[in-house]
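Undergrad: Take a look at the following structure, please.
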Amino acid sequence: MPRKLQYFDFNGLGEKIRYLLHYTGQEFEDVRHDITTWPIPEIKETLPFGQFPLYEEDGRVLCQSLAIAKYVARGTDLIPSDPWKQAQVDSAVYSIMDYNKHVVAAVHEPDPQKKIELRNKLFTEYIDYYFSRFEKLLKENGGYFSGKYFDFNGLGEKIRYLLHYTGQEFEDVRHDITTWPIPEIKETLPFGQFPLYEEDGRVLCQSLAIAKYVARGTDLIPSDPWKQAQVDSAVYSIMDYNKHVVAAVHEPDPQKKIELRNKLFTEYIDYYFSRFEKLLKENGGYFSGKLSWGEFVLCAAVDGTNFFFSTEIQKNYPAVKAVCEEIWNAPGVKEYIAARGPYSLDGIKKRFG
C-alpha cells in the first residue's frame with residue numbers, strides 16, 4: 001500500500017501527519033517542497049484546492065491536514081470509540097486550529113509594522129487565552145482531550161438542519177447578536193464563543209465537532225474510512241471558504257469591507273465552488289457517493305453567503321444547487337425552514353455595519 005505525503009520542508013500543517021504516520025508505524029514517502037520556490041504553477045494546478053499537504057494512497061488523493069491526520073490514525077486507539085469523547089477531541093482540535101490562525105497571520109503578514117503588532121498580540125493575548133484553556137481541558141481529563149447560537153444562520157444553521165433532519169428534539173436558544181458579547185455569558189463558554197451544544201449536563205463547542213456528533217449513528221457518517229476522510233476534506237475546504245465570508249462581514253473599515261466583498265465575488269466564490277461542483281459531480285452528486293453531514297455543511301455555507309450578501313450563489317453551480325435543494329426540502333428541514341421564516345439582516349447591519 002504505497003503512501004506519499006507532500007508538504008514543505010518545515011513543520012507547519014504537515015508535521016502532525018508525519019508524527020502520526022511514524023507513531024503508527026506506517027511507511028510513507030515524505031516529499032518535501034522548497035517553500036522559497038512556491039508556488040510552482042504546474043504543481044499547484046494539480047492540487048484539489050491548490051495547497052499542501054497532499055496525501056496519496058493507492059492512486060487516491062486527500063487534501064486538508066485534519067482530514068489526513070484523522071484518516072491515518074484510523075483503526076488505532078488514537079480515535080476514541082465513544083462518540084462524545086470523539087466529539088470532545090474534535091472540538092479541541094478545531095479550537096487549536098482557531099489558535100493557529102493567529103500564528104499564521106503573524107507569520108504571513110507582509111507589512112513590517114503590522115507584523116510586529118500581530119506578533120505582540122499573539123504573545124500578549126492569544127497564546128495564554130488558548131493555552132490556558134487547553135491546559136484546563138487536559139487537567140480535567142487526566143492529561144488528555146477526551147445548541148446555543150445567534151438568531152441567524154451562520155455557524156449554527158448546519159447543526160439545526162442536522163438535528164431536525166435526524167428527528168432529534170432540542171431547545172433552540174438564540175441570542176441577540178446586537179447585544180453580544182455579554183460578559184457574564186461569554187466567560188462561561190469554553191472558548192468564549194458560540195455555537196454551544198449541551199447534552200446530559202455536558203457541553204461541546206466548535207460547530208463542526210457538534211455537527212458530526214449529532215449526525216452520529218446515522219448514514220450521514222460514511223462507514224468506509226476513505227469516504228469519511230473525503231467528506232472531512234470537503235468540510236475543511238468549505239470552512240476555508242467561510243473564512244473569506246466572515247472577513248467580508250466583520251471588517252469594520254468601510255473601504256476595506258468593499259474590497260473584501262469584491263474579492264469574495266470576483267475570486268473566492270468561483271475558486272471554491274467550482275471545485276465543490278467538481279467533487280459533487282465526480283461522486284454522483286455528493287462528496288462520497290451518498291448524502292452525508294458534509295453536504296449539510298456546504299448547504300449552510302451557501303445559506304450564509306446568500307443571507308449576508310443577498311444573493312443566490314448556487315444558481316451558477318448545478319450540482320451544488322441540486323444537493324442544497326435536496327436538503328432544504330428534506331423531511332424535518334423543510335418544516336423547520338417554513339416555521340422559522342426568513343432571517344433579517346437588521347441585526348447584522350447594526351452589529352457589523
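Values in this text are rule-based calculations from the coordinates and carry no lab data. Note that this is a predicted model, so its numbers are computed, not measured. Every residue, glycine among them, receives a Cβ derived from its backbone with ideal geometry; neighbour counts consider all protein chains shown.
Undergrad: List the residues, sorted by chain then number, that are 5 or more residues from residue 8 or on another chain and whose placed amide H is less than 5 Å from its amide H.
TA: For residue 8, whose amide H was placed from the backbone, the distant partners under 5 Å are 33.
Undergrad: Report the one residue of 308, 333, 100 whose Cα lies farthest in the direction of the positive end of the charge dipole of the chain (charges on C-beta: Lys and Arg +1, Asp and Glu -1; origin at the Cα centre).
TA: About the Cα centre, the residue reaching furthest to the positive side is 308.
Undergrad: Right, here's the next one. List the aspartates and glutamates whose Cα lies under 12 Å from the Cα of residue 256, skipping any in the same chain that are fewer than 8 positions away.
TA: By straight Cα distance, residue 256 reaches no aspartates and glutamates at all.
Undergrad: Filter the chymotrypsin sites (Phe, Trp or Tyr not before Pro) in the range 1-40 to those in DSSP coil with at most 13 other Cβ atoms within 10 Å of their Cβ, and list the result.
TA: 10
Undergrad: Work out from phi, with θ = phi - 60° and the Karplus expression 6.51 cos²θ - 1.76 cosθ + 1.60, the ³J(HN,Hα) of each residue of the range 74-85, listed in order in whole Hz, and give x for Gly and Pro.
TA: 4, x, 10, 7, 7, 9, x, 7, 7, x, 5, 5
Undergrad: Straight-line reach from residue 263: which lysines have Cα under 17 Å away, leaving out those fewer than 8 places along the same chain?
TA: 243
Undergrad: Show me 163-169, 41-47 ranked by packing, highest mean number of other Cβ atoms within 10 Å first.
TA: Descending mean neighbour count gives 163-169, 41-47.
Undergrad: Using 0.36 nm times the number of residues separating residue 321 and residue 344, minus their current alpha carbon distance, what extension gain do you get?
TA: Working: separation 23, 0.36 × 23 = 8.28 nm, distance 2.26 nm.
This chain segment gains 6.0 nm when fully extended.
Undergrad: Still on this structure, I have one more. What net charge do the residues around residue 47 carry, taking every other residue with its C-beta under 15 Å from that of residue 47, with Lys and Arg at +1 and Asp and Glu at -1?
TA: Spelling it out: positives minus negatives among the neighbours equals +1.
Undergrad: Next question, about the same structure. Quick one: what are the phi-derived ³J(HN,Hα) couplings along the range 258-265, Karplus 6.51/-1.76/1.60 with θ = phi - 60°, whole Hz, x for glycine and proline?
TA: Calculated HN-Hα couplings, in order: 5, 4, 5, 5, 4, 5, 4, 7 Hz.
Undergrad: A follow-up question, please. Cα to Cα, under 29 Å, and not fewer than 8 places away if on the same chain: which lysines meet these conditions relative to residue 139?
TA: Output for residue 139: 16, 70, 85, 101, 121, 148, 186, 212.
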